[in-house]
Amino acid sequence: MKKIFVLDTNVLLNDPRAIYSFEDNDVVIPLAVLEEIDNLKTKSSDLGYNARESSRILEEIRESGNLHDGVELDSGGTVKIIINGKLELPRGLSSSKMDNRIISTAIHLKNEIKKENADRKVIMISDDINMRLICDAYGLEAEEHSSSRLKEEEIYSGFKEIMCGADLINKFYEEEKISLSELNQLDDSLYPNEFVQLTADDRNKNTALARFDGENLVPLRYNKSQPAKIRARNREQQMAMELLLDDEIKLVTMSGKAGTGKTLLALAAGLAKVVDEQSFSKLLVARPIQPMGKELGFLPGDVEEKMGPWMKPIFDNLDFIVHRNKDAMYAYQKLLDKDLIQVEALTYIRGRSVPDQFIVIDEAQNLSLHEVKTIVTRAGEDSKLIFTGDPFQIDNPYLNFHKNGLNYLAHKFHDQKIAGHIMLKEGERSELAEIASNLL
C-alpha cells in the first residue's frame, strides 16, 4: 500500500530534490510550504537559493500535469499540492503559525482517508524536532527526512587500533611499511589516509602509528613537525598534523569536542604553509554566521566590525600563535598588510572561485549538506580545504549528529586519496576545560 508523505518546508530548504526520494509513494506539499518558500526566495543566502531551486523543480513537474490533481513521477509516485481551506486544527494549535497549518493539512488527509476506510499511512516529514513532537502529541506519524541521515556505523573516525604480533611491529619500524595481507586480525578494509595504531599482543604492548597510503601501512611523515611552533600534544593531533601538512591531501575534515585543538592546528598549519613555505598564496579563514547566510546588517559598523564578535575565536587562536613565536611574523595586521590572510563570513562565498589558497572553514558542524557542497565546489586549482567542527555542539535547529555537513563530508570522501579525516578526542585547552567538557 502506498504511503502519503507530507513535506515540511525545512525538508525542501535542506534538499530541494527531496521530492524524488520517496520511491513510488505519494508526496504532498501543503500550500503553507509554498508560502514559506516564496517568502525566502529573495534571500542571497543558501536558504534563498534552495527556495528558488525548490520552486524551479516544482515548475518542471507542473509542466507534466496539474499539481492540484497530482503529477506522476518516473518512480511511480506522485507530487500534489493541497490547499486545505478548512484548516482542521486540533484544539490548542493556532492558525497563525505556518507549522500548524502544515500539520493541519496532514491531519486533514488522515481524516479523509479514515472516512474512506482506506488503509493508507499519512506521515509528516520534517527536520524540525518540535514539529515532529507536536505531530506525535496529536497522533500523527512523523519522521525525519532520512535520505541523508548517516547511520551510527557510517560515522567515520579516520582511525583504527589493530592488535598484532610484536615481530610485525619490529618489521614495520625496520622496513617502514607493511602490507594489509600481513594483518591477520583486520576485520574490514582500510581507507586511503586512514590511521592505524598497531599494538603488540604481548605483555609489553609496544605500539606504532601508521597511515594507510592506499597500498601499505607507512610511518607518519610529519609527527615531529611544529608548524608556527605549535606541536602535537597527543596521538590524534599527530594524525591531524599529518593530514594538514601533506600537500597531496586537498580536503581535510577534523571533528572533536571543544578544546581538542582543531582550529589552532588548522591555523598553525595554514600559517606555516603560507608564510614559511609559501606553498599557498593566502590563508582564508571563514566560519558560518549562524544560521549561515544571515545578513550582517543587525550589527553596527562596517563589515569588518560586524564580523568581529563572530570571528573572535579565530583572532584568539592567532594571538596564541603570535605569543608562542615571540615575534610579529604572524601578527594579524602584518598578515593583512601583506595580503597573506583573509578572515570572513561564509555568507557571500557562492559564485566565487578560490585558487591557490589554504582555506579553513570553522564550525562546519552547523553547515547543511548543500552548504558544504557549495563551499567545496568553490575550491580552485591548488587550493586546500580544511573543515573543523564539533558535531556534538550543533546550533542549527535542523541538523544533528547524524545529519550535518561535517560528518556527511567525512563519510562521502572517506575512500578518496585526496581526502583525510580524523576525530580528535583529547582536550588540550586546559585541565578545567577538559573536565567541564566531560562533566557538563
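A short reminder: the numbers here are calculations on the coordinates, not readings from a lab. Keep in mind that what you see is a predicted model, and the values were worked out from it rather than measured. Heads up, the Cβs are rebuilt from the backbone with ideal geometry, glycines too, and the neighbour counts pull from every protein chain shown.
Cα-Cα pairs above 23 Å in region 306-440: how many percent?
Percentage above 23 Å: 45.
Sequence neighbours fewer than 8 away in the same chain don't count; with that in mind, list the aspartates and glutamates whose C-alpha is under 12 Å from Lys229.
Asp276, Asp327
Relative contact order of region 73-176, please, whole-number percent, based on alpha carbon pairs below 8 angstrom and at least 6 residues apart.
Once normalised by length, the contact order is 16 percent.
For the chain, what does -39500 (n - 2.57) per DSSP helix run (n ≥ 4), summed and divided by total residues, give at 222 nm, in deg cm²/dmol to the nearest 500? Walk me through the intermediate numbers first.
On the way: 13 runs with 145 residues, N = 440.
Estimated from H runs of four or more residues: -10000 deg cm²/dmol.
Using only alpha-carbon positions, what ratio does the radius of gyration of region 78-177 give when scaled by 2.2 N^0.38 Å? Present the calculation step by step, with values, prior to reporting the outcome.
On the way: Rg = 25.4 Å, N = 100, 2.2 N^0.38 = 12.7 Å.
Working it through for region 78-177, the quotient is 2.01.
Using the structure shown, select from Lys250/Lys334; Lys2/Lys114; Lys224/Lys412 the pairs with a Cα to Cα distance greater than 19 angstrom.
With Cα atoms farther than 19 Å apart: Lys250/Lys334; Lys224/Lys412.
At a Cα cut-off below 12 Å, give the aspartates and glutamates reachable from Lys171, other chains included and same-chain residues fewer than 8 away excluded.
Glu182
Among DSSP beta bridges whose residues both lie in the chain, state the antiparallel percentage, nearest 5.
Working: 13 of 60 bridges.
Just about 20 percent of them are antiparallel.
Given region 1-94, what percent of its DSSP beta bridges are antiparallel, to the nearest 5?
The answer is about 20 percent antiparallel.
Under a point-charge model restricted to the Cβ atoms of Lys and Arg (+1) and Asp and Glu (-1), what is the dipole moment magnitude of the chain relative to its Cα centre, in debye to the nearest 20? Walk me through the intermediate numbers first.
Working: 56 positive and 73 negative charges, 183 e Å.
The dipole of the chain has a size of about 880 debye.
So if I take the centroid of the Cα atoms in region 323-396 and the same for region 1-36, what is the distance between those two points in Å?
If you average the Cα positions of each part, the centres end up 34 Å apart.
With viscosity set to 1.002 mPa s at 20 °C, what whole-number translational diffusion coefficient in µm²/s follows for the chain from Stokes-Einstein and a Kirkwood radius over Cα pairs?
For the chosen part, D equals 88 µm²/s.
Whole-Hz Karplus ³J(HN,Hα) for region 411-426, in order, using 6.51 cos²θ - 1.76 cosθ + 1.60 and θ = phi - 60°, x for Gly and Pro?
After applying 6.51 cos²θ - 1.76 cosθ + 1.60, I find 5, 5, 9, 5, 10, 9, 5, 8, 10, x, 9, 8, 9, 8, 10, 8 Hz.
How far is helix 98-115 tilted, in degrees, relative to the longest principal axis of the Cα atoms in the chain, given as a value from 0 to 90 rounded to the nearest 10?
60 degrees
Show the residues, 5+ positions off or on another chain, whose built amide H is closer than 5 Å to the amide H of Ile81.
Sorted by chain and number, the residues that satisfy this are Ile29, His68, Gly70.
How high is the relative contact order of the chain? Use alpha-carbon pairs under 8 Å, at least six apart in sequence, and give a whole percent.
Averaging sequence separation for qualifying contacts and normalising by length gives 16 percent for the chain.
Need one number: the % of Cα-Cα pairs in region 201-268 sitting beyond the 21 Å mark.
30 percent
Could you name the aspartates and glutamates in cross-link range of Lys121, using Cα to Cα under 16 Å and dropping any fewer than eight places away on the same chain?
Glu23, Asp24, Asp26, Glu112, Asp136, Glu141, Glu143, Glu144
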